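> Following this message is one structure expressed as structure tokens.
The values are calculated or read from the model by the stated rules, or taken from the named source; none is laboratory data. All figures in this text were calculated on a predicted structure; none of them were measured in a lab. Reconstructed Cβ throughout: ideal geometry from the backbone, glycine too, with neighbour counts over all protein chains shown. In case anyone asks, the SASA skips ligands and DNA or RNA and just uses the protein heavy atoms, side chains included. Shrake-Rupley method; radii C 1.70, N 1.55, O 1.52, S 1.80 Å.
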Amino acid sequence: MNIKKELIGQILQSKGYCTEEDIEKALEIQKTYGQHVRIGRVLMNMGVITEEQLLDALSYQFGVDFLREIDDVDVIDIGLNKEIFVNNNVFPIKQTEDKIYILTNDPLQIELFSLIEETTSKSVEIILTTEENLQKAISKVKEDIIAKEEELALDIDEEIDRLKELASEAPVIKLVNSILTKAIDFNATDIHFESLKTKMRVRFRIDGVLKTFDYIPNNLKLAVIARLKLLSGMNIAESRLAQDGRIAVRIAGKPIDIRASSLPTQYGESFVLRILLEENTSYSLDNLGFYKDHVEIIRQITRKPNGIFLTTGPTGSGKTTTLYSILSELNSDEVKIITVEDPIEYELEGINQVQVKAEIGRTFASALRNILRQDPDIIMVGEIRDLETAEMAIQASLTGHLVLSTLHTNSALASITRLLDMGVEWFLIKASVIGVMAQRLVRTVCPYCAEETEIPEGLWKLYNMDNLVKKYDLKNVSPKKGKGCKHCNYTGYKGRTVISEIAPFDEKLQRKFDEDKNFDDMNELGYRTMREDGLLKVLEGKTTIEEVLRVT
């Protein structure tokens, strides 16, 4: 563009389209609205000049053509979203090897013209025209956009139909059912379908450890994912966003509830199925593997009418099962129990369970606030994740409720330090917490291939095994190790048991924290550590020392 130095007002006046007085009035109006309101548009709105007269003056000022009439216009594709053209009254109508010709009524959209030049590597030539002519271009572009959307919708519908067809084919159904059946046979808790570059890997989590069981060829990957999405009620056409769902199936006559999760990854979607098999879960503290003295301490703590009992440990350490077992023992016609969970893993008869839904604002804290209006006696909070939830749980305990909850810490006593780190006041912790516990799950030695073994002398001395044998009066020390057989899939382990440490938050423990807010020594309180709890089970032949050291 070869822009003249003359102002638009001067050009309009020189062409005889307006007077100096008209310009002065327009400038006064412009002061009211600001410099972004251009003087030519003000004059046009005043009725002093016509649109054609303004465009004629702009054509002279910018040294560009002014097209007064057009019969038809074809808007060309230059690689930009056509909605940009509609929103800015800018339409590319022709291009050569090094130029793009743009139809517009506003030559001052410099940033947009620069964007077009950067995108196309061609220079922009502006052609001015009237609003009426631009509306013809707009209608053309809108028709084009609608046609593309309809075409895309048809493509998506066709893709969904194709995926449904693939997912409904007998080989795919048979393959997915076979994997589910195999997982149940091996007592897997999770099935992982992982999209790799050239195939899909299927892994089972058995007794807390992942193991590869199968590979699915690339040509079946989409069909398997589509089948899993259909079963779990997910959007089969959505592969860019993570999704959650549930699957209810019967395998070998057993009703099985499966929690499903999909996640987009580099080479396709990753799908994880969490198997929730109720008949494999015992909601009794006596059947979880706790030693009797720990069961008694748990019962003493949770028989109190109010206070907070915290159990800690990483994901998959059995915390929820422990809390469910406590709730099952406390459940009776005389008490109202409400839980808030994310997610609800199992349905507990006679207990009110609330599912967290952060997307609609139902967080642990907000759900807990509402629960307090429901006149509960006992509340279980799935996890204390932040200060707000911690303060709500404390408030509940101080107003006469028994609160059970979990934290992610490495030890029982570290849960107190974690609350302090969150910002909870020490006097509130002293007034509300009644007990702390940490737990892990360890694999148990396979009973079918177990054989006696010896603990290396170095480890025996390092962990002071003689002291454990004497302190707990062990009559039969017989460490065992699984040789590996078909019953345990040649791992040497079959099933899991709990190891734990637990302490009432009594005056003695409170005094320790009064002196040191990082206190973390169970032995000084007269209780055994989680590792010592595990080593006792090693000495009794229930698990191995390698397994205890792996999780503690």
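> From the set of residues in region 532-552 that are in a helix (DSSP H, G or I) and either open to solvent by 50 Å² or more (accessible area, probe 1.4 Å) or among the charged types (D, E, K, R) (or both), which is farthest from Val469 (Cα to Cα)?
Applying the filter and picking the extreme gives Arg550.
> So, in region 221-250, how many residues would count as being among the charged types (D, E, K, R) and crowded, with 18+ Cβ neighbours inside 10 Å?
Result for region 221-250: 3.
> Residue check, Thr339 against (1) of a type in the set (Ser, Thr, Tyr); (2) in a helix (DSSP H, G or I); (3) touching a strand residue (DSSP E or B) at 6+ places or on another chain (Cβ under 9 Å); (4) open to solvent by less than 40 Å² (accessible area, probe 1.4 Å), all met but one. Which one?
Condition not satisfied by Thr339: (2).
> In region 276-288, which residue that is modelled with pLDDT of 90 or more and crowded, with 18+ Cβ neighbours inside 10 Å is nearest to Glu349 (Cα to Cα)?
Checking each candidate, the answer is Leu285.
> Which of (1) of a type in the set (Asp, Glu); (2) buried (at least 17 other Cβ atoms within 10 Å of the Cβ); (3) in a loop (DSSP other than H, G, I, E, B); (4) over 20 Å from the mean Cα position of the chain (by Cα) does Glu391 not meet, given it meets every other one?
The single condition Glu391 does not satisfy is (3).
> Scan region 330-351 and tell me whether some residue there is farther than 19 Å from Asp375 by Cβ and among the basic types (Lys, Arg).
no
> Keeping to region 394-433, report how many residues are β-branched (Val, Ile, Thr), part of a helix (DSSP H, G or I) and out of contact with any Leu (no Cβ under 7 Å at 6 or more places or on another chain).
Qualifying residue count, region 394-433: 2.
> Right, here's the next one. Go through region 93-125 residue by residue and tally those that are part of a strand (DSSP E or B), in contact with a strand residue (DSSP E or B) (Cβ under 6 Å, 6 or more places away or on another chain) and not β-branched (Val, Ile, Thr).
6
> Evaluate region 342-362: report whether one residue or more is open to solvent by less than 10 Å² (accessible area, probe 1.4 Å) and free of Cβ contacts under 8 Å to residues at least 60 places away in the same chain.
Checked against the condition, which is being open to solvent by less than 10 Å² (accessible area, probe 1.4 Å) and free of Cβ contacts under 8 Å to residues at least 60 places away in the same chain, region 342-362 yields no hits at all.
> Identify the residue in region 514-531 that is in a helix (DSSP H, G or I) and open to solvent by less than 40 Å² (accessible area, probe 1.4 Å) and, among all such residues, is farthest from Lys461 (Cα to Cα).
Leu525
> Right, next: Considering only region 356-388, state which residues are assigned to a loop (DSSP other than H, G, I, E, B) and among the basic types (Lys, Arg).
Arg385
> One residue is enough: does region 389-411 have a residue meeting the conditions charged (D, E, K, R) and either out of contact with any strand residue (DSSP E or B) (no Cβ under 6 Å at 6 or more places or on another chain) or under 19 Å from Val340 (Cα atoms) (or both)?
Yes, there is a match, as at least one residue in region 389-411 is charged (D, E, K, R) and either out of contact with any strand residue (DSSP E or B) (no Cβ under 6 Å at 6 or more places or on another chain) or under 19 Å from Val340 (Cα atoms) (or both).
> Ok, one more. Is there a residue being among the β-branched types (Val, Ile, Thr), under 25 Å from Thr389 (Cα atoms) and under 29 Å from the mean Cα position of the chain (by Cα) anywhere in region 294-310?
So far as region 294-310 goes, yes, one or more of its residues are among the β-branched types (Val, Ile, Thr), under 25 Å from Thr389 (Cα atoms) and under 29 Å from the mean Cα position of the chain (by Cα).
> Could you look through region 201-213, keep only residues that are more than 24 Å from Thr497 (Cβ to Cβ) and open to solvent by 50 Å² or more (accessible area, probe 1.4 Å), and pick out the one that is modelled with the highest pLDDT?
Arg201
> Looking only at region 423-455, which residues are open to solvent by 20 Å² or more (accessible area, probe 1.4 Å), small (Gly, Ala, Ser) and at negative phi?
Within region 423-455, Ala431, Ala450 meet the criteria.
> Given the structure, is Ile258 open to solvent by less than 70 Å² (accessible area, probe 1.4 Å), modelled with pLDDT of 90 or more and in contact with a helix residue (DSSP H, G or I) (Cβ under 9 Å, 6 or more places away or on another chain)?
Judged against the criteria, Ile258 is not a match.
> While we're looking at this one, here's another question. Give the residues of region 494-513 that are in a helix (DSSP H, G or I) and open to solvent by 10 Å² or more (accessible area, probe 1.4 Å), sorted by residue number.
Glu507, Lys508, Gln510, Arg511, Lys512
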